[in-house]
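Have a look at the structure below before the remarks.
The values are calculated or read from the model by the stated rules, or taken from the named source; none is laboratory data. As the structure is a prediction and not an experimental result, all values here were calculated from the model. FYI the Cβ positions are ideal-geometry reconstructions off the backbone, even for glycines, and counts take in every protein chain you see. Quick note on the areas: whole protein, heavy atoms, side chains included, nothing else; ligands and nucleic acids left out. Shrake-Rupley method; radii C 1.70, N 1.55, O 1.52, S 1.80 Å.
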Amino acid sequence: MGNTKYNVLFMRDDDTVKRYRLSPFWLGVFVWFIVLLAACASVGAWSGYKFWNQNVELRQDKLELQKTLNEASVQLERLENVNKILDSYDPNEVQSLLASVPVEEKKVEPAPLTDLKKLLFYKNLMRAGVENVKLRYSGGSLALSFDLNNLQTSSSLSGSAKVELIGSNGKGEHIKANSNDMSFHIQRFKVVRTRFAMPSGMSLKDMYGLRLMISTTNNELIFSEVYPLSRIFN
């Protein structure tokens with residue numbers, strides 16, 4: 001039994017028969033090697049699938065966190081805008097005005113309330129992204145520039161941008177900018193630049209900020225935000 005051998009024959013039509021003699025030990029080693037190799041391949045495939053699923057879950061969590069962070073950033077900016085508007089009303093000036101009115105004529109008309117919800121109206125359908133908004137005053141006119149991004153790169157984005165100047169009193173003044181400057185048809189990105197005159201009767205000291213609105217060719221408003229002058233003016 002100790003001299004038992006296995007004969008392995010290799011036969012070809014155009015060659016002689018070749019015979020190899022193997023002991024049971026080496027044959028067993030070969031079989032176990034094949035089994036071990038198959039087991040390693042199975043473990044590797046299972047590990048790869050598990051890590052791939054974990055990577056997909058982590059990417060999804062990252063997107064959710066980024067979305068939550070963007071929403072929180074927008075809310076914070078809107079609250080900052082509200083705080084700046086409230087700070088613009090000086091209570092000492094109101095008290096001085098009341099003190100200067102004679103007693104018999106001390107009936108004061110209430111000042112119209114500013115609709116902050118309307119003033120700070122914000123809308124973003126995540127179809128157009130606006131960045132690097134800058135406003136510059138020179139020669140009696142305002143120069144506006146901003147980066148416009150198409151957030152849905154699977155299709156092009158067409159439409160136009162509109163501008164409204166917001167006074168410190170909460171009133172808005174629509175601007176008639178050059179339509180060629182403000183219209184767009186983009187696949188990914190465009191830098192928008194335009195120049196327009198300061199509205200009659202309004203000066204920089206009377207301005208609170210600038211409202212930028214992005215609409216599609218179907219007049220669908222997909223983006224609207226108010227930018228305080230202190231943030232974009234240079």
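Yes/no matrix, rows are residues, columns are (1) without any contact (Cβ under 8 Å) to a residue 12 or more places away in the chain; (2) surrounded by 10 or more Cβ atoms within 10 Å (Cβ to Cβ); (3) not in a helix (DSSP H, G or I):
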residue: Arg12; (1), (2), (3): yes, no, yes
residue: Thr16; (1), (2), (3): yes, no, yes
residue: Arg21; (1), (2), (3): no, no, yes
residue: Phe25; (1), (2), (3): yes, no, no
residue: Leu36; (1), (2), (3): yes, yes, no
residue: Arg78; (1), (2), (3): no, yes, no
Exercise. Before we move on, is Ile186 surrounded by 14 or more Cβ atoms within 10 Å (Cβ to Cβ) and more than 24 Å from the chain's Cα centre (by Cα)?
Worked result: no
Exercise. Assuming Lys50 fulfils every condition listed in (1) open to solvent by less than 90 Å² (accessible area, probe 1.4 Å); (2) among the charged types (D, E, K, R); (3) not in a helix (DSSP H, G or I) apart from one, which condition is it?
Worked result: (3)
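If you go through the stretch 171-179 one residue at a time, do you hit one that is within 27 Å of Leu151 (Cβ to Cβ), in contact with an Asp or Glu (Cβ under 8 Å, 6 or more places away or on another chain) and β-branched (Val, Ile, Thr)? Even if it seems obvious, please write down each step before you answer.
Step one: filter the stretch 171-179 for residues within 27 Å of Leu151 (Cβ to Cβ), giving 172, 174-175, 177-179.
Retained after the next criterion (residues that are in contact with an Asp or Glu (Cβ under 8 Å, 6 or more places away or on another chain)): 172, 174-175.
Right, trim to β-branched (Val, Ile, Thr) and you get 175.
Yes, the stretch 171-179 contains at least one residue that is within 27 Å of Leu151 (Cβ to Cβ), in contact with an Asp or Glu (Cβ under 8 Å, 6 or more places away or on another chain) and β-branched (Val, Ile, Thr).
Within the stretch 204-234, how many residues are open to solvent by less than 40 Å² (accessible area, probe 1.4 Å), polar (S, T, N, Q) and more than 16 Å from Leu119 (Cα to Cα)? Before the answer, list the steps.
Filtering the stretch 204-234 for residues open to solvent by less than 40 Å² (accessible area, probe 1.4 Å) gives 207-216, 222-229, 232.
Then keep just the ones that are polar (S, T, N, Q); that gives 215-216, 224.
Remaining after also requiring more than 16 Å from Leu119 (Cα to Cα): 215-216.
The number of residues fulfilling the criteria is 2.
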